[in-house]
Amino acid sequence: LWKRLRNYRLDQMHQRSRWHSRLGGQVDFPKCLEAQMSGLVWDIPANPLLPKAIKYSAIRKQISSMLTEFKKHNSQFQHVTSYAEYQQARKLGKIACWISIQGGQALDHNLHDLERIPEVHRITLVHLTRSKIGASNLNPLDRNLGISSFGAQFIEKMVEQKIIVDLSHINRKGFFEALKIIPRETSPVVTHTGIHSMRPSFRNLDDEQIKAIAERNGTIGIIYEKNFLGDSKATQNMEQIVKHIEYVIQLSGEDHVSLGSDYDGLIALPDDFEDIRSQPRLVEFMLRRGWSEKRIRKILALNFLRVIETIRPD
């Protein structure tokens, strides 16, 4: 998204913008190194306005662009697609870089296109608009729309290609219909969301949805968008992220929750959260709550890596 909106170079340090970093500045390569990240997922958002005939070529161009960036800085960053490749990158002391697609509508012209994106490990099934696959939770008028017959085929093809199914953004009806299509042994994820019981919002998961992901051995990533964390300045701080994480733990255990930032996804970070370099401070809040090192490591990486290892081991 940063590349479409402005001339934004990942290899340069960017300062926080006057728009609270909504249009960039939350992540770049120098910040990732300063934050001592071990791995990041780089999302390519779908453009819903593209003609069907050029959707695949457009997504290939974006994938190639990201791969070029990683290759330019391959002494510190390495593209990975599997658990084994992640481990290899870490042994070399590099930051592991996953590529994912935000919105299945980027590839809903031809199911065979899912076979032609080996660089992608995960697809967010639906993004901000209704598509051939299903409906977003953004528009309440679409709440009764479920997964289409094409959408069911799309999910089945994703599973066949070992592409992780991400149920962020999808409406509630589509959420549960998708779970019926995904085989029981395949873990789904919700990579960036808040918790509805903590902050009522169209974007946040309710308790039934949380339990459904946990029962399938998936994981839920907590978003950093302050408006999905709380309804006032007092409840829109960095510590609130940890409180949302804690809610999932109390409801479904510590094996099913992760970090789900959504950096540079047109989100507003809490006022006390500068950019990705602030992320290590989240651990301070976890330690203050008396959490064990084992629990913290699960939240920071191991829960998501468990899903990766199950679906894409090699």
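The values are calculated or read from the model by the stated rules, or taken from the named source; none is laboratory data. For clarity, every value in this text was computed on a predicted model and none was experimentally measured. Counting neighbours? That spans all protein chains shown, and the Cβs are built from the backbone with ideal geometry, glycine included. Keep in mind that these areas ignore ligands, DNA and RNA; they rest on the heavy atoms of the full protein, side chains included. Shrake-Rupley method; radii C 1.70, N 1.55, O 1.52, S 1.80 Å.
Residue by residue, here is whether (1) outside any loop (DSSP other than H, G, I, E, B); (2) of a type in the set (D, E, K, R); (3) under 19 Å from the mean Cα position of the chain (by Cα) holds:
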{"residue": "L33", "(1), (2), (3)": "yes, no, no"}
{"residue": "M37", "(1), (2), (3)": "no, no, yes"}
{"residue": "V41", "(1), (2), (3)": "yes, no, yes"}
{"residue": "L49", "(1), (2), (3)": "no, no, no"}
{"residue": "I54", "(1), (2), (3)": "yes, no, no"}
{"residue": "R60", "(1), (2), (3)": "yes, yes, no"}
{"residue": "I63", "(1), (2), (3)": "yes, no, yes"}
{"residue": "K71", "(1), (2), (3)": "yes, yes, no"}
{"residue": "S75", "(1), (2), (3)": "no, no, no"}
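Residue under question is E177, and the condition is that it be closer than 26 Å to L40 by Cα and either without any contact (Cβ under 8 Å) to a residue 12 or more places away in the chain or acidic (D, E) (or both); does it hold?
no
Please verify whether T129 is among the hydroxyl-bearing types (S, T, Y) and either free of Cβ contacts under 8 Å to residues at least 24 places away in the same chain or touching a Lys or Arg at 6+ places or on another chain (Cβ under 9 Å) (or both), treating the condition exactly as stated.
no
Go through E254, E246 for me and flag whichever is part of a loop (DSSP other than H, G, I, E, B) and more than 18 Å from the chain's Cα centre (by Cα).
Numbers: E246 fails: part of a loop (DSSP other than H, G, I, E, B).
Answer to the selection: E254.
Contact list please: Cβ distance under 7 Å, first residue in segment 251-265 and closer than 13 Å to A301 by Cβ and among the hydroxyl-bearing types (S, T, Y), second residue open to solvent by 30 Å² or more (accessible area, probe 1.4 Å) and at pLDDT 95 or above, pairs at least six apart or on different chains.
S258/F304
Could you say whether any residue in segment 93-110 is closer than 19 Å to P48 by Cα, surrounded by fewer than 16 Cβ atoms within 10 Å (Cβ to Cβ) and not aromatic (F, W, Y)?
yes
Please enumerate the residues belonging to segment 77-92 that are open to solvent by 50 Å² or more (accessible area, probe 1.4 Å), in a helix (DSSP H, G or I) and not charged (D, E, K, R).
Scanning segment 77-92 gives Y83, Q87, Q88.
Go through (1) touching a His at 6+ places or on another chain (Cβ under 6 Å); (2) surrounded by fewer than 17 Cβ atoms within 10 Å (Cβ to Cβ) and name the single condition I54 misses.
Answer for I54: the failing condition is (1).
If a residue has to be in contact (Cβ under 8 Å) with a residue 12 or more places away in the chain and of a type in the set (D, E) to count, how many in segment 290-312 make the cut? Lay out the reasoning, then the answer.
Taking segment 290-312 first, the residues in contact (Cβ under 8 Å) with a residue 12 or more places away in the chain are 295-296, 298-301, 303-312.
Retained after the next criterion (residues that are of a type in the set (D, E)): 309.
Number of matching residues: 1.
Please list, ordered by first then second residue, the pairs with beta carbon atoms under 6 Å, 6 or more apart or interchain, first in segment 269-287 and open to solvent by less than 10 Å² (accessible area, probe 1.4 Å), second in a helix (DSSP H, G or I).
Taking only residues 6 or more apart or on different chains, the pairs are P270/K226; P270/M238; F273/M238; D275/K31; I276/K31; M286/V242; M286/I296.
Would you please name the residue that is surrounded by the fewest Cβ atoms within 10 Å (Cβ to Cβ), looking only at residues in segment 25-51 that are more than 13 Å from R277 (Cα to Cα) and in contact with a His (Cβ under 7 Å, 6 or more places away or on another chain)?
P45
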